[in-house]
Amino acid sequence: MGIKLRDVIYEVGGGIPDHKSFKAAQTGGPIGGCLPSSLLDLPIDYESLTQAGAMMGSGGLIVMDESTCMVDVAKYFLTFAQSESCGKCVPCRVGSKQMLEIMEDIAAGRGEMEHLDQLQYLSKLLKMGSLCALGGGTPNPVLSTLEHFRHEYEEHILDKHCSAGVCKSLVVAPCQNTCPLGTPVPQYVGLIAKGAFQEALDLVREDNPFPGVCGRVCPRPCESACRRGTVDEPVAICDLKRFIADEVSLPEGSAPVVVAAEDLGKVAVIGSGPAGLTAAYHLAKQGCRVTVFEALPVVGGMMAVGIPEYRLPREVLNSEIRAIEELAVQIHTGMRIGKDIDLDELLARGFRAVFVAVGAHQSNKLGIPGEERQGVLHGTNFLRDVNLNGQLSMAGRSVAVVGGGDVAIDAARSALRLAAREVHVVYRRSSEEMPAQQAEIRAAAEEGVKFHYLAAPKQVLGGNGAVEGLECIRMQLGGWDSSGRRRPEPVAGSEFHLDVDVLIPAIGQSPDLGLFNGNGHGDLVNRGLIMADRRTMATQRPGVFAGGDAVTGPATVIQAIAAGAKAAKSMVRYLKGEELFISPGLPDKTRPPEADSWSPAEGGTARSRMPELDPERRKRDFREVETGLTRQSAVREAGRCLRCDWEE
Amino acid sequence: METFSLTIDGIPVAAQHGQTILEAARTAGIYIPNLCADPDLAPYGACRLCVVEVDGARGLPTACSTPATPGMVVRTDTPNVNMVRRGVVELLISDHPEDCLTCPRNQHCELQKIAAYVGVREQRFRKLHRPPIVDDSNPFFRRDLSKCILCGKCVRACAEILNVGAVNFINRGYRTYIGTLGERPLVESNCESCGLCVEVCPTGALASKNGKAPSREVNTICGYCAVGCGIKLGVRGQELVGSTGDPENEVNHGNLCVKGRYGYGFVNHADRLTSPLIKKDGDFVKASWDEALDLIAENFGKHRGDAFGVLSSARCTNEENYLIQKFARGVMGTNNVDHCARL
Ligand SMILES: Cc1cc2nc3c(=O)[nH]c(=O)nc-3n(C[C@H](O)[C@H](O)[C@H](O)COP(=O)(O)OP(=O)(O)OC[C@H]3O[C@@H](n4cnc5c(N)ncnc54)[C@H](O)[C@@H]3O)c2cc1C
Ligand code: SF4
Ligand code: SF4
Ligand code: SF4
Ligand code: SF4
């Protein structure tokens with residue numbers, strides 16, 4: 001009946017500013033309810049809103065993006081409604097106060113899971129027992145956020161973490177809070193500012209065995225959150241990590257890793273990507289005898305066979321892998337679990353626990369006619385060949401890459417470096433929506449890659465088996481989808497041809513679940529991904545843990561590292577017969593005396609630029625494009641940090 | 001008056017027009033718990049304890065404010081009703097001090113009674129603490145707002161029954177409390193210290209300062225003035241320990257003024273004269289009644305006629321006043337008869 005919520009937000013309101021994504025909308029003011037993105041198509045009328053747990057009211061429409069914490073929002077609205085209570089009837093007067101106290105506890109990290117049941121009970125009591133509609137409506141924000149964003153409540157209670165970085169007691173600093181691994185950014189940046197490079201690296205390496213890799217390829221979520229960005233530009237957190245990794249050579253330069261004396265027995269890790277190797281690193285440190293099984297002839301997963309050398313030199317990766325091997329971690333390459341040996345057999349052979357981190361290596365199909373022709377090389381397969389076969393050449397070929405993620409850009413820039421005559425990237429949405437890192441897109445354009453936005457492949461052309469061109473169709477942006485992006489729709493009659501003889505589809509990957517070798521593992525898989533608990537990484541099968549791209553679908557190196565670290569923690573607990581998950585403590589927010597003497601560089605001090613090779617020179621080979629910060633600029637850059645962890 | 005019938009918990013109940021469900025239930029002897037209802041006060045609907053289910057009605061109406069209608073089907077013991085009741089009691093307990101044993105209202109506290117009725121055995125909610133606002137200024141009763149459940153009975157009784165309005169709600173929401181205009185101590189407000197609020201308060205928030213409970217009650221008429229309010233004097237041994245209005249009495253329907261309710265202290269006071277005194281050589285000396293009456297008779301005889309005057313008291317009964325004027329006119333031979341209430 002009414003206009004759709006989506007249309008009000010996007011058409012009337014102009015969408016979410018600053019490229020952020022939609023999270024929720026509150027209608028009906030403080031005693032209305034929160035609607036998540038899955039309800040964007042809800043018509044705004046009395047019945048529909050009431051049914052969805054919200055309200056039609058004069059309180060306006062409050063639209064919230066990803067930087068909103070739903071626990072905080074519910075607490076905020078509850079504070080308001082609670083102060084509006086007239087105080088006459090008991091459920092509203094005392095009940096809403098009780099609810100508010102609980103919400104305050106949850107936001108402050110003092111929450112318990114049973115608090116959620118109490119909130120439900122009190123909400124019901126207020127709804128059924130209050131004298132007036134204010135009391136009956138007061139629980140709405142809590143109820144609706146509990147229904148649609150329960151995971152955020154659980155995150156506050158169990159993980160003592162507030163993703164949005166809003167709930168102060170749970171947040172050390174915005175950067176650290178945003179890092180999937182919780183890297184102690186302010187501390188290591190502070191050490192760099194003091195010139196204590198090795199201490200800085202040791203600190204990072206406590207959790208992350210791949211500082212050199214991350215310092216090069218991480219998509220830097222921390223920097224998007226960095227508070228310095230509100231003054232001038234974010235601190236170059238990632239470049240600084242690379243700097244310390246380059247400055248201190250492994251393993252000699254770094255402090256020896258302490259390995260627990262205890263022997264927890266044999267454990268197996270399947271897959272030598274960042275998830276698997278990080279788990280191996282931590283498991284070994286805690287006294288496990290770790291064997292890593294890797295199907296490919298090289299170690300490192302996508303770090304070795306995906307991400308191209310010009311972004312991640314192999315000596316950097318390999319020295320970090322060697323440092324892990326130093327901990328007596330055994331890595332067997334050329335061993336494909338499910339083919340060379342079965343998962344069950346591993347368990348039978350005395351491995352007390354297994355971590356499955358097989359990544360997502362199967363390229364998704366475009367699903368257009370002609371895709372089976374020779375000359376169609378799927379993105380990750382192409383990059384694997386580039387990495388494993390030194391002889392590959394694209395000399396004289398004209399290449400079209402389809403897709404907009406990192407894999408697409410890496411494939412395009414690699415093709416260029418293999419002497420392709422022309423490289424086109426075809427992407428169905430607009431440039432702003434491209435998921436690849438902006439710096440990568442810019443670098444590719446500088447090197448001469450041609451971008452075709454708002455275009456989609458329609459069919460692969462050609463006679464006897466080879467690719468002779470690609471028919472594309474122009475797209476236009478239609479209605480908004482639930483991710484807050486406009487849906488591309490083909491423009492009838494707008495077909496055009498690209499004169500190419502190689503097509504590289506790079507529109508996403510899925511895990512190869514061949515390791516389960518058919519039957520008996522249905523309980524471990526859902527929709528093509530391995531199912532694991534997000535806190536413990538435990539699967540349904542006792543002793544079998546899983547993490548990384550195989551669980552999440554294609555993600556990032558740092559997410560895989562975080563998964564590996566988490567898995568190692570709960571695997572050790574499993575081996576010791578302890579509870580798999582124990583809530584962490586609250587961050588210690590006491591201010592050390594040295595905090596008073598910290599004075600960050602004045603506002604307006606420009607961020608240190610990462611020097612890079614000239615596009616014309618660099619595009620001919622796989623030399624590393626970015627050359628690293630100098631000592632001087634690194635120390636200067638570190639001095640820009642505001643030390644949010646010391647905020648009073 | 002015309003009566004009709006409705007069903008409460010399956011029992012047919014006769015009711016009169018104008019009665020609420022609560023009143024109908026009460027007449028039929030069916031208990032519906034409540035804390036803010038009072039037969040002498042207008043329905044208020046705040047404590048939410050008397051919620052019931054009525055066939056065909058939405059939600060949970062309160063029995064205290066919903067008129068009984070012919071054929072109505074009422075249920076007082078359903079899962080939803082019990083859920084709200086239990087919740088309300090648990091919430092009330094959650095910010096209530098736990099010192100029943102030393103509380104002046106112990107054993108005749110409505111909150112205790114209802115907690116027992118609902119059967120609250122565990123404390124699910126966290127303990128909330130309200131600031132203990134104690135007003136000790138009134139000589140006869142004490143206010144401890146940490147025990148106040150904000151039923152509003154005191155506010156309503158003071159305004160509806162007495163038309164005084166000395167106390168009212170201050171603030172809103174959880175910060176609400178009962179106080180006087182300008183938040184002054186009770187003695188400095190327009191409170192008349194009649195103690196009606198203490199009488200209606202269901203908890204120990206308002207309690208008489210006299211801590212002794214009577215061992216028996218004596219029905220009598222208040223001796224202070226000619227209104228003749230019915231009072232029940234509480235006696236313990238030989239001591240007068242309390243006084244309450246007699247609700248059955250047609251004159252005052254249970255209400256009293258400050259004198260009737262609290263002015264009994266003289267009875268057992270140490271300074272009270274219990275035998276006649278005669279001044280001898282400048283000092284009062286204890287004497288027997290015979291001695292004293294002889295002395296009076298002897299001296300009265302010297303002052304007959306208009307030199308003599310009689311002042312009577314409003315605290316005397318009509319019969320006593322009749323006798324005094326008879327004595328003045330017939331015995332003393334004077335018309336100088338008057339009475340303190342005219343002064
Ligand atoms: C081209 C490309 C560019 C990328 N760029 C970036 C970037 O710039 N920044 C970033 O953060 N992320 C980037 N990523 C993503 C990142 O590399 C992955 O998210 C990450 O490597 C996932 O780690 P993982 O350990 O889960 O899996 P993987 O790294 O995929 O490792 C899984 C390993 O398991 C092995 N394996 C699979 N099946 C078996 C089996 N049955 N038996 C034994 N071994 C098996 C595989 O051979 C592989 O070595 C990129 C990915 C690609 C493909
Ligand atoms: S200023 Fe420093 S501490 Fe604050 S968010 Fe940025 S890097 Fe982190
Ligand atoms: S008012 Fe009633 S419940 Fe409260 S302490 Fe006194 S006796 Fe106990
Ligand atoms: S003592 Fe009487 S006049 Fe004073 S507040 Fe109570 S009811 Fe009102
Ligand atoms: S003082 Fe007594 S009568 Fe007055 S509101 Fe509080 S509990 Fe009710």
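Of the listed requirements (1) within 14 Å of chain B (Cβ to nearest Cβ); (2) farther than 26 Å from A:Ala164 by Cα, A:Glu47 misses just one: (1). As for the range A:570-586, it holds no residue that is within 12 Å of ligand 1 (Cβ to nearest atom) and surrounded by 14 or more Cβ atoms within 10 Å (Cβ to Cβ).
Residues checked against (1) surrounded by fewer than 21 Cβ atoms within 10 Å (Cβ to Cβ); (2) without any contact (Cβ under 8 Å) to a residue 60 or more places away in the chain; (3) closer than 28 Å to B:Cys100 by Cα; (4) within 15 Å of the chain's Cα centre (by Cα):
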site	(1), (2), (3), (4)
B:Ile161	yes, no, no, yes
B:Gly173	yes, yes, yes, no
B:Val187	yes, yes, yes, no
B:Ala207	yes, no, yes, yes
B:Ile221	yes, yes, no, no
B:Tyr224	yes, no, no, no
B:Thr244	yes, yes, yes, yes
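For every residue, the table says whether it meets (1) in contact (Cβ under 8 Å) with a residue 60 or more places away in the chain; (2) open to solvent by 10 Å² or more (accessible area, probe 1.4 Å); (3) away from chain A (no Cβ under 14 Å); (4) aliphatic (A, V, I, L, M).
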residue: B:Leu6; (1), (2), (3), (4): yes, no, yes, yes
residue: B:Ile30; (1), (2), (3), (4): no, yes, yes, yes
residue: B:Cys36; (1), (2), (3), (4): yes, no, no, no
residue: B:Asp40; (1), (2), (3), (4): yes, yes, yes, no
residue: B:Pro43; (1), (2), (3), (4): no, yes, no, no
residue: B:Val52; (1), (2), (3), (4): no, no, no, yes
residue: B:Asn80; (1), (2), (3), (4): no, yes, no, no
residue: B:Arg85; (1), (2), (3), (4): no, no, no, no
residue: B:Cys103; (1), (2), (3), (4): yes, yes, yes, no
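Comparison of A:Ala595, A:Ala565 shows that the only residue that is part of a helix (DSSP H, G or I) and open to solvent by less than 10 Å² (accessible area, probe 1.4 Å) is A:Ala595. For B:Thr334, the conditions (1) within 30 Å of B:Glu192 (Cα to Cα); (2) at pLDDT 95 or above are fulfilled apart from (1).
The selection criterion, being open to solvent by less than 20 Å² (accessible area, probe 1.4 Å) and of a type in the set (Lys, Arg), does not hold for A:Arg442.
Please work out if A:Ser144 is in a helix (DSSP H, G or I), in contact with a helix residue (DSSP H, G or I) (Cβ under 9 Å, 6 or more places away or on another chain) and either within 12 Å of another protein chain (Cβ to nearest Cβ) or over 29 Å from A:Ile237 (Cα atoms) (or both). For A:Ser144, the condition - in a helix (DSSP H, G or I), in contact with a helix residue (DSSP H, G or I) (Cβ under 9 Å, 6 or more places away or on another chain) and either within 12 Å of another protein chain (Cβ to nearest Cβ) or over 29 Å from A:Ile237 (Cα atoms) (or both) - is met.
B:Ser137 passes every criterion in (1) away from ligand 4 (no atom under 16 Å from the Cβ); (2) modelled with pLDDT of 95 or more; (3) open to solvent by 30 Å² or more (accessible area, probe 1.4 Å) apart from (1).
Looking for something open to solvent by 20 Å² or more (accessible area, probe 1.4 Å) and farther than 30 Å from A:Val551 by Cβ - is there at least one such residue anywhere in the range A:501-515? Yes, the range A:501-515 has at least one match. Inside the range B:110-126, residues that are touching a helix residue (DSSP H, G or I) at 6+ places or on another chain (Cβ under 7 Å) and either within 18 Å of B:Val198 (Cβ to Cβ) or more than 14 Å from ligand 3 (Cβ to nearest atom) (or both) make up a count of 5. Within the range B:54-75, restricting attention to residues that are touching an Asp or Glu at 6+ places or on another chain (Cβ under 7 Å) and surrounded by fewer than 18 Cβ atoms within 10 Å (Cβ to Cβ), the residue that is farthest from the other protein chains (Cβ to nearest Cβ) is B:Val73. Select from the range A:124-133 the residues that are buried (at least 24 other Cβ atoms within 10 Å of the Cβ) and either more than 9 Å from chain B (Cβ to nearest Cβ) or in a helix (DSSP H, G or I) (or both) and list them in ascending order. Result: A:Leu125, A:Leu126, A:Gly129. Within the range A:206-236, if we keep just the residues that are in contact with a Pro (Cβ under 6 Å, 6 or more places away or on another chain) and assigned to a helix (DSSP H, G or I), the residue that is surrounded by the fewest Cβ atoms within 10 Å (Cβ to Cβ) turns out to be A:Arg227. Among the helices (runs of 4 or more DSSP H) confined to the range A:23-123, the ones with at least 3 residues that are open to solvent by 50 Å² or more (accessible area, probe 1.4 Å) are located at A:46-51, A:70-84.
Residues are listed down the side, and each one gets a yes or a no for (1) within 14 Å of chain A (Cβ to nearest Cβ); (2) away from ligand 5 (no atom under 14 Å from the Cβ); (3) polar (S, T, N, Q):
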residue: B:Ser94; (1), (2), (3): yes, yes, yes
residue: B:His108; (1), (2), (3): no, no, no
residue: B:Lys127; (1), (2), (3): yes, yes, no
residue: B:Asp135; (1), (2), (3): no, no, no
residue: B:Phe140; (1), (2), (3): no, yes, no
residue: B:Cys158; (1), (2), (3): no, no, no
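Of the residues making up the range B:300-343, those that are part of a loop (DSSP other than H, G, I, E, B) and under 24 Å from B:Gly260 (Cβ atoms) are B:Ser313, B:Ala314, B:Arg315, B:Cys316, B:Thr317, B:Leu343. Within the range A:293-342, track down each residue that is open to solvent by less than 20 Å² (accessible area, probe 1.4 Å), part of a helix (DSSP H, G or I) and of a type in the set (Gly, Ala, Ser). Result: A:Ala304, A:Ala323.
The residue that is farthest from A:Ser272 (Cα to Cα), among those in the range A:300-339 that are without any contact (Cβ under 8 Å) to a residue 24 or more places away in the chain and charged (D, E, K, R), is A:Glu315. Taking the listed residues A:Gly370, A:Gly350, the one that is outside the structural domain of A:Cys288 (by TED's automatic domain parsing), touching a strand residue (DSSP E or B) at 6+ places or on another chain (Cβ under 7 Å) and at positive phi is A:Gly370, with no other qualifying. Within the range B:41-51, is even one residue at pLDDT 95 or above and not in a loop (DSSP other than H, G, I, E, B)? There is at least one residue in the range B:41-51 that is at pLDDT 95 or above and not in a loop (DSSP other than H, G, I, E, B).
The values are calculated or read from the model by the stated rules, or taken from the named source; none is laboratory data. These numbers come from a predicted model, not from an experiment. Note: ideal-geometry Cβ built from the backbone for every residue, glycine included; neighbour counts use all protein chains shown. Please note that ligands, DNA and RNA were not included when accessible areas were found on the heavy atoms of the full protein model with its side chains. Shrake-Rupley method; radii C 1.70, N 1.55, O 1.52, S 1.80 Å.
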